[in-house]
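Let me begin by presenting the structure, written as structure tokens, before commenting on it.
The values are calculated or read from the model by the stated rules, or taken from the named source; none is laboratory data. Since we're looking at a predicted model, the values are computed, not measured. Cβ: placed from backbone, ideal geometry, glycine included. Neighbour counts: every protein chain shown. To get the accessible areas, we keep the full protein, side chains included, count just its heavy atoms, and leave off ligands, DNA and RNA. Shrake-Rupley method; radii C 1.70, N 1.55, O 1.52, S 1.80 Å.
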Amino acid sequence: MQLTVNGRPVERQVEARTLLVEFLRKNLGLTGTHVGCDTTQCGACTVNLDGVPVKSCTVLAAQASGGSVTTIEGLAPAGGLHPLQQAFNRCHALQCGFCTPGMIMAADGLLRSGCPVNDASIEQALEGNLCRCTGYVHIIDAVKEAARTLGVPTGQEAAS
């Protein structure tokens, strides 16, 4: 299979049953994509495939062939943090950190979608991602802060 991962071309032989999450973690050493439930319930394995957030525990690696995958490791510029990562830190939107990469990748999908960012759109974007430590108030605040930093319109700005 051939694909682009975090901007780099990758070519590997994989078994047909290899999940994308396994490929990323075991074959490429990208362990920021977490394995939580293997049943699409938790969202810890969320990555962006061709610009769309997907749960990589339910995508076969071969299905991603020819595509472009961005993981949490590829989100930020080298040596820095993405505005979402900075906002999660500033807004105390993480505790144990297990869900954080999936939350950030799902939120990144929303921020790049062109949709206005407001409570309802954030809740919808994060609907399949579970956090058992912090609750969601700080996470929603972090996504809003990142949207402001990136100049993404909020529902309130779009109405004015």
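The set of residues in the range 71-81 that are buried (at least 20 other Cβ atoms within 10 Å of the Cβ) and either without any contact (Cβ under 8 Å) to a residue 12 or more places away in the chain or under 14 Å from Leu150 (Cβ atoms) (or both) contains only Leu75. Here Arg25 fulfils each of the conditions (1) touching a Ser or Thr at 6+ places or on another chain (Cβ under 7 Å); (2) at positive phi apart from (2).
For (1) open to solvent by 10 Å² or more (accessible area, probe 1.4 Å); (2) touching a Lys or Arg at 6+ places or on another chain (Cβ under 8 Å); (3) modelled with pLDDT of 95 or more, each residue gets a yes or a no:
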site	(1), (2), (3)
Leu84	no, no, yes
His92	yes, no, no
Gln95	yes, no, no
Met105	no, no, yes
Pro116	yes, no, no
Gln124	yes, no, yes
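Out of Thr40, Thr33, one residue alone is hydroxyl-bearing (Ser, Thr, Tyr) and on the phi < 0 side of the Ramachandran plot. It is Thr33.
Can you tell me which residue within the range 126-143, out of those that are open to solvent by 50 Å² or more (accessible area, probe 1.4 Å) and without any contact (Cβ under 8 Å) to a residue 40 or more places away in the chain, is nearest to the chain's Cα centre (by Cα)? Among those residues, the one meeting the criterion is Glu127.
Residues are listed down the side, and each one gets a yes or a no for (1) over 21 Å from Asn129 (Cβ atoms); (2) open to solvent by less than 20 Å² (accessible area, probe 1.4 Å); (3) in contact (Cβ under 8 Å) with a residue 12 or more places away in the chain; (4) outside any loop (DSSP other than H, G, I, E, B):
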{"residue": "Pro9", "(1), (2), (3), (4)": "yes, no, no, yes"}
{"residue": "Arg17", "(1), (2), (3), (4)": "yes, no, yes, no"}
{"residue": "Thr31", "(1), (2), (3), (4)": "no, no, no, no"}
{"residue": "Gln41", "(1), (2), (3), (4)": "no, no, yes, no"}
{"residue": "Asn48", "(1), (2), (3), (4)": "no, yes, yes, yes"}
{"residue": "Val69", "(1), (2), (3), (4)": "no, yes, yes, yes"}
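Residues in the range 50-67 that are touching a residue at least 60 places away in the same chain (Cβ under 8 Å) and either within 22 Å of Leu111 (Cβ to Cβ) or of a type outside the set (S, T, N, Q) (or both): Gly51, Pro53, Lys55, Ala61, Ala62, Ala64, Gly66, Gly67. Scanning the range 50-59 for residues that are among the aliphatic types (A, V, I, L, M) and not in a loop (DSSP other than H, G, I, E, B), we see that the one that is most open to solvent (accessible area, probe 1.4 Å) is Val52.
Any chance you could count how many residues in the range 104-123 are in a helix (DSSP H, G or I) and over 14 Å from the mean Cα position of the chain (by Cα)? Selection size over the range 104-123: 4.
Being closer than 26 Å to Gly7 by Cα and open to solvent by less than 40 Å² (accessible area, probe 1.4 Å) is not true of Ala62.
When the range 143-156 is limited to residues that are under 18 Å from Glu123 (Cα atoms) and either of a type outside the set (A, V, I, L, M, F, W, C) or not in a helix (DSSP H, G or I) (or both), the one that is modelled with the lowest pLDDT turns out to be Gln156.
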